[in-house]
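The block underneath contains the structure these notes are about, expressed in structure tokens.
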């Protein structure tokens with residue numbers, strides 16, 4: 001009984017020592033996650049307000065930022081759900097390429113509407129050992145601020161965005177629902193999404 005008491009009491013300082021090593025690591029990770037989103041926002045705004053670059057060059061630079069920060073491989077596969085496995089390897093490759101073009105086009109269009117709004121990152125929180133949620137706001141010149149939540153994943157020694165929620169609405173879940181609806185309306189063939197993306201991106 002005495003031994004059990006000793007072990008039980010000893011566990012407290014052991015836990016505290018362990019926590020001292022763990023807490024700084026988590027804090028550093030959260031700070032890095034927050035900086036990842038803040039730096040991306042600052043880079044995007046920097047290109048949007050730069051009068052020394054032309055519209056075409058600005059679009060290319062924004063596309064480069066998006067490709068570097070979004071994990072379109074993970075997002076595109078999730079958006080297809082179980083239908084992903086029914087596509088051939090060739091179809092999967094084309095689908096991923098077209099999906100990335102669509103994401104770049106969508107966000108480039110949103111960025112084009114920039115009118116001096118400020119981007120502010122509030123906090124970051126670890127979900128597990130690799131995923132983080134970063135909360136941010138778009139401070140409007142007029143009207144209500146827009147809340148944007150970024151889910152990012154640390155993989156292969158770098159952060160990548162795997163979902164964006166604007167006012168609580170998930171980009172990935174919305175896209176998945178849209179694709180599922182299209183497939184059902186068009187007879188249940190998942191390959192129809194490739195045709196849809198070709199038209200949407202004017203790729204063929």
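Taken together, the values in this text are just the output of simple stated rules run on the coordinates, not laboratory data. In this text the structure is predicted, and so the values were computed from the model without any measurement. FYI the Cβ positions are ideal-geometry reconstructions off the backbone, even for glycines, and counts take in every protein chain you see.
The long axis of helix 2-49 is offset from the longest Cα principal axis of the chain by roughly 30 degrees. Every Cα-Cα pair of the chain was included, and the share exceeding 32 Å stands at 32 percent.
Ranked by Cβ crowding within 10 angstrom, fewest neighbours first, how are 195, 50 ordered?
50, 195
Taking label positions 7 Å along the Cα-Cβ direction at both residue 126 and residue 42, the computed distance is 2.4 nm, reported to one decimal. Annotation: the range 156-201 has a Kirkwood hydrodynamic radius of 12.4 angstrom, from the mean reciprocal C-alpha pair distance.
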